[in-house]
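What follows is a single structure, written as structure tokens, with notes after it.
The values are calculated or read from the model by the stated rules, or taken from the named source; none is laboratory data. Treat the numbers as computed from the prediction; the structure is a model and nothing was measured. Cβ placement follows ideal geometry from the backbone for every residue including glycine, while neighbour counts extend to all protein chains displayed. These area figures cover heavy atoms from the full protein model, side chains too; ligands, DNA and RNA do not enter into them. Shrake-Rupley method; radii C 1.70, N 1.55, O 1.52, S 1.80 Å.
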Amino acid sequence: MSKDKKPDQVVYNEDSQRYDASLKPYATNVGAPAIKITDNSTWKNRNIQKANKQIQAKYLELKAAYDKMIEELEYNNLVYNSRYNFEPIVGEVYHLYRDSSQKSFLSIIAPNDCNFDYIGSFKLNSEFVWKKINEADNNLQTR
């Protein structure tokens, strides 16, 4: 053997001119356990499915909220674009109807007190946004 050549079991770093076997992140001698690559594909697949389901559930929640917001926007535009000859009061319930020429108009007259073409009942909230009232809620308020 030449003077510069070290035996295979000796770990000598030529750059730093030091013995650095203890600093290596892997085994450096023949008696060390073999490095085995663990199979984590089942773990990955299981967690990919969980993550995808969670993301899809969140997407569906956001989509439902978006659809509800668009519906509120359309109702708000429908009421604001209808005809009425009074200044609506915040918190009061008003009823939207269609006249014979299919134009909408807002009224304080309840649907069970008239024969107009009823569209829906709405309440003006404190932010001046018209909110549609369910029929069940409307029946409770008219009693």
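In segment 86-126, which chymotrypsin sites (Phe, Trp or Tyr not before Pro) are in a loop and have at most 14 other Cβ atoms within 10 Å, using DSSP for the loop call? Intermediate values should be presented prior to the final figure.
Working: sites: F86, Y94, Y97, F105, F116, Y118, F122; in loops: F86, F116.
Answer by residue number: F86.
Sequence neighbours fewer than 8 away in the same chain don't count; with that in mind, list the lysines whose C-alpha is under 16 Å from K58.
Answer for K58, where 16 Å is the Cα cut-off: K50, K68, listed by chain and number.
Among N47, A57, N76, whose Cα sits farthest toward the positive end of the charge dipole of segment 1-105 (+1 at Cβ of Lys/Arg, -1 at Cβ of Asp/Glu, about the Cα centre)?
It is N47, whose Cα lies furthest towards the positive end.
Can you tell me the relative contact order of the chain? Whole percent, Cα pairs under 8 Å, sequence separation 6 or more.
Working: 127 pairs, mean separation 21.0, N = 143.
Over the chain, the number comes to 15 percent.
Specify which labelled value, from [x] 27; [y] 60; [z] 54, agrees with percent of Cα pairs over 26 Å apart derived from the coordinates of the model shown.
Only one listed value fits the structure, namely [y].
Would you mind telling me which residue in E87, E14, E71 has the biggest mean-square fluctuation in a Gaussian network model of the chain, where springs connect alpha carbons within a distance under 10 angstrom?
Taking springs between Cα atoms under 10 Å, the residue moving most is E14.
Which whole-number value in Å² is the accessible area per residue of the chain, probe 1.4 Å?
On a per-residue basis, the chain sits at 82 Å².
Once amide H atoms are built 1.01 Å from N in the peptide plane, which residues 5 or more positions from G120, or in another chain, come under 5 Å H to H?
Result for G120 returns L96.
Where does the chain land at 222 nm, in deg cm²/dmol rounded to the nearest 500, when only DSSP H runs of n ≥ 4 count, each adding -39500 (n - 2.57), divided by all residues? Mind showing how you got there, number by number?
On the way: 2 runs with 48 residues, N = 143.
The helix-only estimate for the chain comes to -12000 deg cm²/dmol at 222 nm.
In the chain, what percent of the accessible surface is made up of carbon and sulfur (1.4 Å probe, ligands and nucleic acids excluded)?
Details: 6160 of 11720 Å².
The C+S portion of the solvent-accessible surface of the chain is 53 percent.
Pick out which of D67, D20, D39 has the largest mean-square fluctuation in a Gaussian network model of the chain, springs linking Cα atoms closer than 10 Å.
D20
With a cap of 16 neighbouring Cβ atoms within 10 Å, and only residues DSSP puts in a loop, list the trypsin sites (Lys or Arg not before Pro) found in segment 1-83. Spell out each step's value before the answer.
Working: sites: K3, K5, R18, K36, K44, R46, K50, K53, K58, K63, K68, R83; in loops: K3, K5, K36.
Answer by residue number: K3, K5, K36.
Could you size up the charge dipole of the chain around its Cα centre, putting +1 on the beta carbon of Lys and Arg and -1 on that of Asp and Glu, and report it in debye to the nearest 20? Before the final figure, lay out each step's value.
Values: 20 positive and 19 negative charges, 192 e Å.
Using Cβ point charges on Lys, Arg, Asp and Glu, the chain gives about 920 debye.
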